[in-house]
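The values are calculated or read from the model by the stated rules, or taken from the named source; none is laboratory data. This structure is a prediction, so every number in the text was calculated from the model and none was measured. Don't worry about glycine lacking a Cβ; one is built from the backbone with ideal geometry, like all the others, and counts go over all protein chains shown. Keep in mind that these areas ignore ligands, DNA and RNA; they rest on the heavy atoms of the full protein, side chains included. Shrake-Rupley method; radii C 1.70, N 1.55, O 1.52, S 1.80 Å.
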Amino acid sequence: MDVSIVFVNYRTEALLLDCFRSIYTHTKNIQFECIVVDNHPIPGANEDILMEFPNTIWVNSGGNVGFSKANNLGIKLAKGDYVLFLNADTLLFDNAIGNAWKHLKSDQSLVAIGGNQLDK
């Protein structure tokens with residue numbers, strides 16, 4: 001697995017669905033997994049996501065454990081060589097994840113990178 005993408009969910013299922021669609025549309029030439037740590041689980045709220053993206057790892061944090069602790073829970077489940085923390089309101093318009101992975105792989109002196117965020 002190349003990249004594990006970790007999300008913290010707090011009532012953002014609709015945003016996550018759009019985000020996942022953009023990831024799966026634009027991310028090419030890498031193996032990735034999506035891990036969602038849910039800080040506010042509502043029974044059935046994640047059904048549409050899990051139906052459309054059944055390989056998603058969805059974890060109930062047990063309550064609102066906070067952003068950092070939720071990310072740490074996601075890291076524990078990650079199988080990727082690299083971890084990407086992504087917010088639910090992110091929409092990709094190109095192969096940004098694949099390009100970032102390629103850049104990290106090509107320069108062993110790098111341990112982390114960030115991307116440009118653009119407003120719609």
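Checking Tyr24 against (1) touching a strand residue (DSSP E or B) at 6+ places or on another chain (Cβ under 7 Å); (2) within 22 Å of Met1 (Cβ to Cβ); (3) open to solvent by 20 Å² or more (accessible area, probe 1.4 Å): exactly one of these is not met. Which one?
Exception for Tyr24: condition (1).
Please determine, by comparing only the residues of the stretch 69-98 that are out of contact with any Leu (no Cβ under 6 Å at 6 or more places or on another chain) and open to solvent by 90 Å² or more (accessible area, probe 1.4 Å), which one is farthest from Val3 (Cα to Cα).
Among residues in the stretch 69-98 that are out of contact with any Leu (no Cβ under 6 Å at 6 or more places or on another chain) and open to solvent by 90 Å² or more (accessible area, probe 1.4 Å), the one farthest from Val3 (Cα to Cα) is Lys69.
Only one of these conditions is not met by Trp58: (1) touching a strand residue (DSSP E or B) at 6+ places or on another chain (Cβ under 7 Å); (2) among the aromatic types (Phe, Trp, Tyr); (3) in contact (Cβ under 8 Å) with a residue 24 or more places away in the chain. Which number is it?
Every condition holds for Trp58 apart from (3).
Which ranges mark the helices (runs of 4 or more DSSP H) fully within the stretch 33-114 that have 1 or more residues being within 20 Å of Ser22 (Cβ to Cβ), among the aliphatic types (A, V, I, L, M) and at pLDDT 95 or above?
The helices (runs of 4 or more DSSP H) meeting that bar are 47-52, 96-106.
Has the stretch 44-54 got at least one residue that is surrounded by 13 or more Cβ atoms within 10 Å (Cβ to Cβ) and farther than 16 Å from Thr12 by Cβ?
Within the stretch 44-54, none of the residues are surrounded by 13 or more Cβ atoms within 10 Å (Cβ to Cβ) and farther than 16 Å from Thr12 by Cβ.
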